[in-house]
1. Could you tell me the relative contact order of region 3-268? Use alpha-carbon pairs under 8 Å, at least six residues apart, and round to a whole percent.
2. Quick one: which residues, 5+ away or cross-chain, put their amide H under 5 Å from the amide H of residue 164? H built at 1.01 Å from N.
3. Could you work out, for region 102-213, what percent of all Cα-Cα pairs fall into each 10 Å distance bin, beginning at 0 Å and stopping at the bin that holds the largest distance?
4. Which net charge results for the neighbourhood of residue 238, defined as the other residues with beta-carbon distances under 11 angstrom from its beta-carbon, given Lys and Arg at +1 and Asp and Glu at -1?
5. Add +1 for every Lys or Arg and -1 for every Asp or Glu among the other residues with Cβ under 13 Å from the Cβ of residue 226, and state the total.
6. Please turn the phi angles of region 128-144 into ³J(HN,Hα) values with the Karplus equation 6.51 cos²θ - 1.76 cosθ + 1.60 (θ = phi - 60°), one per residue in order, whole Hz, x for glycine and proline.
7. At 1.4 Å probe size, with the rest of the protein present, what percent of the exposed accessible area of the chain is carbon and sulfur atoms?
8. Tabulate in residue order the Karplus-calculated ³J(HN,Hα) for region 48-60, using 6.51 cos²θ - 1.76 cosθ + 1.60 with θ = phi - 60°, rounded to whole Hz; enter x for Gly and Pro.
Amino acid sequence: MKYITFNQQKTSAIGIGTWHIGEGNQSRTESEMQAMRYGLDNGINTIDTAEMYGEGLSETLVGNVIKDYSRDNIQLISKFYPYHATPELIESSLKASLKRLQTDYLDLYLLHWRGDTPLQETVNGLEKMVQAGLIKNWGVSNFDLSDLEELDGLENGENCRINEDLYNVGSRGIEYSILPWQKKHNMSFIGYSPFGSDGGEYLKIKPVLNELAQQKHVTVHQLLLAWVLRNNDILSIPKTGSIEHMKDNIDALNINFTTDELALIELSYPAPKKDESLESI
Ligand SMILES: NC(=O)c1ccc[n+]([C@@H]2O[C@H](COP(=O)([O-])OP(=O)(O)OC[C@H]3O[C@@H](n4cnc5c(N)ncnc54)[C@H](OP(=O)(O)O)[C@@H]3O)[C@@H](O)[C@H]2O)c1
């Protein structure tokens with residue numbers, strides 16, 4: 001396993017994504033649980049979930065898996081809907097998530113995306129949950145640079161530990177100013193949907209990726225994941241319900257790129273040359 005410093009602690013370079021997990025029939029659920037166990041048994045120590053995923057079904061599945069593990073060894077992240085972002089609703093959402101997850105605290109609790117509640121109210125609610133010992137830290141998701149700057153100017157806004165945005169070879173916008181800003185402010189970054197989510201609708205696989213994967217004797221998915229992790233500075237959270245894919249994703253952490261290979265990828269998937277509006281899925 002490869003480790004990075006994330007949220008000020010030693011963290012596996014990939015976490016376990018859980019969108020759409022726990023929503024299927026019994027055999028699919030069993031396969032998803034096996035894949036998650038395989039990941040945890042082989043060094044992954046972080047899980048990303050949300051109250052939104054299957055309206056609680058994903059958190060329920062995660063709870064059924066992690067109850068057999070030492071809680072202290074897992075960094076558990078969940079998120080609340082923007083329309084639950086007032087102090088009162090944060091508390092009730094959090095308590096419902098903790099119940100489904102069969103735990104008494106979260107390591108990180110994130111605002112899933114920005115809604116209509118004033119950010120200061122949300123920060124106040126999150127700080128209250130830290131003081132109550134129900135969460136260790138908090139963060140945000142789908143925030144762009146102006147959102148991050150606004151948050152940083154609020155009372156206790158600087159306590160935001162992480163921001164989670166879309167990041168894969170076809171969606172590189174965050175490289176231009178969000179990632180540098182977060183590094184400067186000591187705020188960790190989670191990149192979601194390394195494969196462009198389900199079905200490839202959001203990420204076009206161009207020939208360079210197939211050619212390079214063939215040359216390096218890896219799959220295109222492994223190449224995509226290794227590319228996201230190439231600088232050892234972000235956490236990526238691929239989702240899989242398959243034990244074989246989980247193995248492939250862990251093996252992808254051993255893939256390195258030469259400067260020439262990175263330059264070749266760059267030709268088909270150029271880095272941003274200016275600020276772009278934040279993409280999300
Ligand atoms: N904060 C946010 O707003 C936000 C938004 C989107 C996602 N997320 C988080 O990020 C996680 C990952 O994103 P995602 O679920 O959108 O998509 P993703 O991880 O980019 O892609 C998931 C798809 O890739 C397949 N896959 C995984 N490993 C594979 C492998 N080695 N070979 C071939 N196929 C493979 C999965 O199928 P199998 O299951 O069959 O392997 C699934 O169809 C989510 O689960 C969620 O936790 C957060």
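The values are calculated or read from the model by the stated rules, or taken from the named source; none is laboratory data. Computed from a prediction, not measured in an experiment: that's the story for all the values here. Positions of Cβ are generated from backbone atoms using ideal geometry, with glycine treated the same way; all protein chains shown enter the neighbour counts. Areas reflect the complete protein model, heavy atoms only, side chains present, ligands, DNA and RNA absent. Shrake-Rupley method; radii C 1.70, N 1.55, O 1.52, S 1.80 Å.
1. Value for region 3-268: 21 percent.
2. Correct list: 140, 141, 142, 143, 190.
3. Reading the bins upward from 0: 13, 39, 28, 15, 5, 0.
4. That works out to -1.
5. Local charge sum for residue 226: 0.
6. Computed from phi, the couplings for region 128-144 are 4, 5, 5, 4, 7, x, 8, 9, 7, 8, 9, x, 9, 9, 6, 8, 9 Hz.
7. On the way: 5950 of 12610 Å².
Accessible surface attributable to carbon and sulfur in the chain totals 47 percent.
8. The phi angles translate into 10, 9, 6, 5, 5, 5, x, 6, x, 5, 5, 4, 4 Hz.
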